[in-house]
Amino acid sequence: MISFNNVSLSFQDQSAILTDLSLNIKEGECVLICGQSGSGKSSITRIINGVIPDYIEGKLSGSVQILGLDKKTVSINDLVPLSGSVFQNPKTQHFATETNHELSLVSENLGISPVTIHDRIDKLIDQFNAHSLLNRSIFNLSGGEKQQLAFLSTLVHHPKIIILDEVTANLDQNAIHKISAMIEILKEAGNTIILTEHRLAWSLPFVDRYLLLENGSISKEWSNEEFQQLDVDLLHELGLRTHHLSRIKEKIKNIPQATFQSGAPLSVHNLSIGYDAPLMDPLNFSFQSGKIVGILGKNGIGKTTLSHTLAGLLKPLSGNILWQGEQQTPHDLMNKTFMVMQDTNYQLFTESVQEEIEFGIDTIATDSDDILKVMKLNNKKEQHPMTLSGGEKQRLVIASAIQSQKPIIIYDEPTSGLDYYHMQAFGNQMKCLAQKGVIQIIITHDEELVAHFCDQIIQLNQFIR
């Protein structure tokens, strides 16, 4: 059904992304492509859906066959109807403001009749029990609901191939369960499903084969049964995440909750957060110097709103944020805080990786080459930040945070696009900063990160009204 034979890919003057890659995916098969960040996983999916080289220009060689069509002789217009793609950040693929319009948009662009579109949407909503998504503003959806909407939008035109590129990176367990249930329904219906993922544990119930991408080609292949039997240490050596989370969950249960303590460097006292109305009960807790604190909670609960308030980007509705016992204004907090946003595209401003890591910093704390080497970006110093992969962009902004020398660093889903190796590298850098007394706050769904590196956690679910 999908065949790559000795495929190589490069962009402009950069080194090859894919090198003599060969793979075959059968009709109705569910395949997960894993590998370190920047290894070329997304490039494979973009070749299949026609984006490369028709839209994103690149030098592509070798033979690619998609449903019997030769990539060399067809255009993106021939390939688009065959596949549906869902990406890590659903914001990048929402174009309407209302959910019903979003559901119909792709099919309208493909020229499918309105009657057929409405009939298909009704059947999809019933099939996936997604009635709660209808007739709503996209801006009012949680992260999980936005991802579910993006997923459903790709199915209305009845694609034979479903491509899911890091779709669970920013989702809580409930949202992941819903996405998992959708995949199992599609697999049972005979769709061919291709995933690229770092979070592997959730995929075990439905994936048929796991393919490891290294140095631009497939280096290893496992059946589901073989993959489940792999030793965790071997997975980590390969740069892959844990595939069984039972021990991780037990570790998290033993991490202490952060509480309010007078005299702490940073505290929130009766803090009420939100926009027009409070999102939860008033918050009371403290952050100690040199501690790494994980902020946990379901999608849409207000984790990012809390982080924006702590960073001075959003005014609290009431209550106080205290630094060394003194009440802080938003301007005060901005001067003390560096924030790594969930969508790092908002934080990249310069023309090269080297310039980016030094942007806006008067005194460089350490040799930037050292941090770039740890983050595996030292060979990309002259590259434009916007040409990096999602994981590489994430690592670049994290490197900038480390260089900032600010006493508070807030990370919003910092490991959403990171493999095990880069998660460990990030965690080790956090530990180094902690030794210097930096307060670090992590908004995350990444249980592995929390279990290995957080000193304390704050479960926001307990503050829900």
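The values are calculated or read from the model by the stated rules, or taken from the named source; none is laboratory data. Small disclaimer: the values here were computed from a predicted structure and weren't measured. Ideal geometry is used to build each Cβ from the backbone, glycine not excepted, and the neighbour counts take in all protein chains shown. Please note that ligands, DNA and RNA were not included when accessible areas were found on the heavy atoms of the full protein model with its side chains. Shrake-Rupley method; radii C 1.70, N 1.55, O 1.52, S 1.80 Å.
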Practice item. Hey, can you grab everything whose amide H is under 5 Å from the amide H of residue 30? Only 5+ residues off in sequence or another chain; H modelled, so Pro and N-termini drop out. Key: 193, 208, 209
Check your understanding: Residue farthest toward the positive end of the dipole of region 44-102, with Cβ of Lys/Arg at +1 and Asp/Glu at -1: which of 44, 73, 87?
Key -> 44
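For the full complex of protein chains and a 1.4 angstrom probe, list 101, 422 by accessible area with the highest value first.
Listed by decreasing accessible area, they come as 101, 422.
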Practice item. Give me the distance between the Cα centres of region 380-424 and region 1-73, rounded to whole Å. Key: 26
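What does the C-alpha gyration tensor say about the overall shape of region 403-465? Classify as rounded when a/c is under 1.5, otherwise prolate if a/b is larger than b/c, or oblate.
Working: a/c = 1.93, a/b = 1.24, b/c = 1.55.
Cα axes put region 403-465 in the oblate bin.
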Review point. What's the carbon and sulfur percent of the chain's accessible surface, probe 1.4 angstrom, rounded to a whole number?
Key: 47
**Study point:** Per-residue ³J(HN,Hα) for region 374-385, Karplus 6.51 cos²θ - 1.76 cosθ + 1.60, θ = phi - 60°, Hz, x for Gly and Pro
**Key:** 4, 7, 6, 10, 5, 8, 10, 4, 8, 7, 5, x
Exercise for review: For the chain, report the convex hull volume of the alpha-carbon atoms normalised per residue, in Å³, without decimals.
Suggested key: 142
Check your understanding: So what are the ³J(HN,Hα) numbers for region 206-215, from phi and the Karplus equation (6.51, -1.76, 1.60; θ = phi - 60°), rounded to whole Hz, Gly and Pro as x?
Key -> 10, 6, 8, 9, 10, 10, 9, 9, 9, 6
Study note, to complete from the structure: For residue 136, other-chain or 5+-apart residues with amide H closer than 5 Å (H placed, Pro excluded) are 99, 100
**Study point:** Exposure ranking of 304, 97 by accessible area [1.4 Å probe, largest first]
**Key:** 97, 304
Practice item. At a Cα cut-off below 19 Å, give the lysines reachable from residue 123, other chains included and same-chain residues fewer than 8 away excluded. Key: 160, 178, 187
Exercise for review: For region 176-257, report the accessible area per residue in Å² (1.4 Å probe, heavy atoms, rounded to an integer).
Suggested key: 48
**Study point:** region 59-157 - accessible surface per residue (Å², probe 1.4 Å)
**Key:** 50
Practice item. Pairs of Cα atoms under 8 Å, at least six residues apart: use those to get the relative contact order of region 328-465, whole percent. Key: 28
Check your understanding: If Lys and Arg each add +1 and Asp and Glu each add -1, what is the summed charge of the other residues whose beta carbon sits under 13 Å from the beta carbon of residue 392?
Key -> +4
Practice item. With a Förster radius of 35 Å, plug the Cβ-Cβ distance of residue 221 and residue 261 into 1/(1 + (r/R0)^6) and report the FRET value to the nearest 0.05. Key: 0.10
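Assign one of three labels to region 21-160, namely rounded, prolate or oblate, based on the Cα gyration tensor with a ≥ b ≥ c the square roots of its eigenvalues; rounded applies when a/c is under 1.5, prolate when it is not and a/b is larger than b/c, and oblate otherwise.
prolate
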Practice item. Just the number, please: Stokes-Einstein D of region 188-317 in µm²/s, Kirkwood Rh from C-alpha pairs, 37 °C, 0.692 mPa s. Key: 174
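Return the equivalent ellipsoid semi-axes of region 245-384 as a descending list in whole Å, where each equals the square root of 5 times an eigenvalue of the C-alpha gyration tensor.
Rounded to whole Å, the semi-axes are 31, 20, 17.
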Practice item. Please list the non-local residues whose amide H lies under 5 Å from the amide H of residue 283, H modeled 1.01 Å from N, same-chain partners needing a gap of 5 or more. Key: 270, 271, 272
Review point. Taking the Cα atoms of region 185-253, what is the range of coordinates along each of the three principal axes, in descending order and whole Å?
Key: 39, 32, 18
Exercise for review: Whole number in Å², please: accessible area per residue of region 344-465, 1.4 Å probe, ligands, DNA and RNA not counted.
Suggested key: 39
**Study point:** Cα-based Rg and Dmax for region 337-465, where Dmax is the largest Cα-Cα distance (Å)
**Key:** 14.4, 50
